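Input: a single structure, listed below in structure tokens.
The values are calculated or read from the model by the stated rules, or taken from the named source; none is laboratory data. These numbers come from a predicted model, not from an experiment. Here the Cβ positions follow ideal geometry from the backbone for every residue, glycine too, while neighbour counts run over all protein chains shown. Heads up: the accessible areas ignore ligands, DNA and RNA and are worked out on the full protein's heavy atoms, side chains in. Shrake-Rupley method; radii C 1.70, N 1.55, O 1.52, S 1.80 Å.
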Amino acid sequence: MSVGDVLFAAAEAGLTLKAGMAEDTLKAYPATSLTPELTTAIKEHKAAIIQVLREDELMRRTGVIQSERQVFEIAREYFGLDNPKGIT
């Protein structure tokens, strides 16, 4: 399972993930949404998930895009998954 898959699975399960800004901690809530498989996957990709969450938080605070991934996320939010504006 890739980091993206883990984050997608967490979102589908209704989980909110929070990374500590100073220390390498990762919290997931509500804990009732954690399955053993998802817990294992999150632990396996903990460092990468923390990095992604910190990049997102930094962009929100500063308005500066930190990665290509954020560019694609912004584009998906604007254009939508179904490309409703008909842009090719």
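If the Cβ limit is 6 Å and pairs must be 6+ apart or interchain, which residue in the range 64-80 that is under 13 Å from Val52 (Cβ atoms) and open to solvent by less than 70 Å² (accessible area, probe 1.4 Å) pairs with which residue that is modelled with pLDDT under 70 and basic (Lys, Arg)?
Matching pairs, first to second residue: none at all.
For the range 36-59, name all the residues that are farther than 18 Å from Gly20 by Cβ and charged (D, E, K, R).
Glu37, Glu44
Against the conditions (1) open to solvent by 80 Å² or more (accessible area, probe 1.4 Å); (2) modelled with pLDDT of 85 or more; (3) more than 14 Å from the chain's Cα centre (by Cα), where does Gln51 fall short? Just the number, please.
(3)
Just name the residue that is surrounded by the most Cβ atoms within 10 Å (Cβ to Cβ) out of those in the range 1-11 that are small (Gly, Ala, Ser) and in a helix (DSSP H, G or I).
Ala10
How many of the residues in the range 12-45 are open to solvent by 70 Å² or more (accessible area, probe 1.4 Å), under 21 Å from Glu73 (Cβ atoms) and assigned to a helix (DSSP H, G or I)?
1
Being out of contact with any helix residue (DSSP H, G or I) (no Cβ under 6 Å at 6 or more places or on another chain) and either of a type in the set (Gly, Ala, Ser) or at pLDDT below 70 (or both) is the requirement here; does Ala41 meet it?
In short, no.
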